[in-house]
1. When segment 112-130 is examined, which residues are found to be surrounded by fewer than 20 Cβ atoms within 10 Å (Cβ to Cβ), part of a helix (DSSP H, G or I) and touching a residue at least 24 places away in the same chain (Cβ under 8 Å)?
2. Does ASP189 count as acidic (Asp, Glu) and touching a helix residue (DSSP H, G or I) at 6+ places or on another chain (Cβ under 8 Å)?
3. Could you tell me which residue of segment 162-193 is nearest to the chain's Cα centre (by Cα), considering only residues that are among the aliphatic types (A, V, I, L, M) and under 16 Å from ILE142 (Cβ atoms)?
4. Do you know which of the residues in segment 153-164 that are touching a residue at least 12 places away in the same chain (Cβ under 8 Å) and loosely packed, with under 15 Cβ neighbours inside 10 Å is farthest from TYR97 (Cα to Cα)?
5. Yes or no: segment 187-204 includes at least one residue that is within 22 Å of ASP301 (Cα to Cα) and assigned to a helix (DSSP H, G or I).
6. Quick check on my filter: what residues within segment 134-152 are polar (S, T, N, Q) and without any contact (Cβ under 8 Å) to a residue 12 or more places away in the chain?
7. Taking GLN38, is it modelled with pLDDT of 95 or more, touching a strand residue (DSSP E or B) at 6+ places or on another chain (Cβ under 8 Å) and among the polar types (S, T, N, Q)?
Amino acid sequence: MKYKLLLLLLIVSSAGFSQTDKKLTAKLQDVIKGFNGQAGIYVQNLKTGKTATINADTLFPTASMIKVSIQCGLMDKIEKGEIQYNQKLVYRDSLLYKGEDILGSFKDGDTIEVSKVALLMITMSDNTASLWLQKLVGTDYINNWLDINGFKVMRDNSRATGRDVMHKRYGWGVTTPYEMCRLFTMIRDGKAVSPAASQRMYRNMGRIFWDDKAISQIPPYVQTASKQGALDESKSETVLVNAPHGDYVFSIITNNNKDQRWTEDNEADVLIRKVSALLWHYFEPKSDWKPADGIDKFMKDE
């Protein structure tokens, strides 16, 4: 009996060990070498299960990537019948988050459907839309959904009970590269809220306006679901790629960045593009696709 138990443990241990893609891990380590900041990466080939990780369980700011969690909380309430997806909301000036968001240009008293606010939150990363939905759903409700679905650290810190310290340290949200990928994979697999809600979320996440970083390194004819995050000191992106030879998901999050410029050539954004390009050609080695010459002038989103 003891011998069989020992053999079983060895088999499980060996299987777990074989899941690590050492070759890809080495390539990623080489890419981030010399980066002036902290970088965390999690990659999983969803066909083979193999992973490559660098600081994948380290806490990082989510910035706008937390909006995927807000979307999950919203869909959960819609699934329960507490909110309708086509329900009309009345915009008030008190909701404005100063910036250049589309929803911020609304006039007090204007109406808009929940569906369009949700689309703006994900596609345009509209902060006014995001805070409006966060208020509608409730931050504690969102965090409870994350908790009961097994997320140990990913949390929305904004207007959340007992999270003042975490809010001060990480801002709007906190996560790890691994947990970001786990959430995306749940949505892709139809396991976030419900199969129907997951499909709705996946469609929204496939309509991203901010496609000048990781997505720019993936052919436009390949479907991706993604969300980006950006602060002065932290740039991040999580992407699930429906690649021809098997889906893969990755999250790269940076923090304490020395280069805090908001330009397309800032060090973190360049790193995100390099990682995405590496992964595309690693998982699709026969692909000779690359961004077209002159594409830069069509990638100036702001």
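The values are calculated or read from the model by the stated rules, or taken from the named source; none is laboratory data. Values in this document were obtained by computation on a predicted structure and should not be read as measured data. No Cβ is skipped: glycine too gets one built from the backbone with ideal geometry, and neighbour counts run over all protein chains shown.
1. SER115, LEU119, THR123, MET124
2. Against the criterion (acidic (Asp, Glu) and touching a helix residue (DSSP H, G or I) at 6+ places or on another chain (Cβ under 8 Å)), ASP189 qualifies.
3. As a first pass, look at segment 162-193 and keep what is among the aliphatic types (A, V, I, L, M): 165-166, 174, 180, 183, 186-187, 192-193.
Imposing the further condition that a residue be under 16 Å from ILE142 (Cβ atoms) reduces the set to 166, 174, 180, 183, 186-187, 192-193.
On the way: MET166: 19, VAL174: 12, MET180: 6, LEU183: 8, MET186: 12, ILE187: 11, ALA192: 14, VAL193: 17 Å.
Step by step, filter segment 162-193, then rank; the result is MET180.
4. Selected residue: THR161.
5. Scanning segment 187-204 turns up at least one residue that is within 22 Å of ASP301 (Cα to Cα) and assigned to a helix (DSSP H, G or I).
6. So in segment 134-152, the residues polar (S, T, N, Q) come out as 134, 139, 143-144, 149.
Listed by number, the list holds a single entry, ASN144.
7. Against the criterion (modelled with pLDDT of 95 or more, touching a strand residue (DSSP E or B) at 6+ places or on another chain (Cβ under 8 Å) and among the polar types (S, T, N, Q)), GLN38 qualifies.
This table checks each residue for (1) assigned to a loop (DSSP other than H, G, I, E, B); (2) farther than 20 Å from ASP247 by Cα; (3) out of contact with any Cys (no Cβ under 9 Å at 6 or more places or on another chain); (4) of a type in the set (Asp, Glu).
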residue: GLY49; (1), (2), (3), (4): yes, no, yes, no
residue: THR58; (1), (2), (3), (4): yes, yes, yes, no
residue: SER64; (1), (2), (3), (4): no, yes, yes, no
residue: VAL68; (1), (2), (3), (4): no, no, yes, no
residue: GLN71; (1), (2), (3), (4): no, yes, yes, no
residue: LEU74; (1), (2), (3), (4): no, yes, yes, no
residue: ILE78; (1), (2), (3), (4): no, yes, yes, no
residue: GLY81; (1), (2), (3), (4): yes, yes, yes, no
residue: GLN84; (1), (2), (3), (4): yes, yes, yes, no
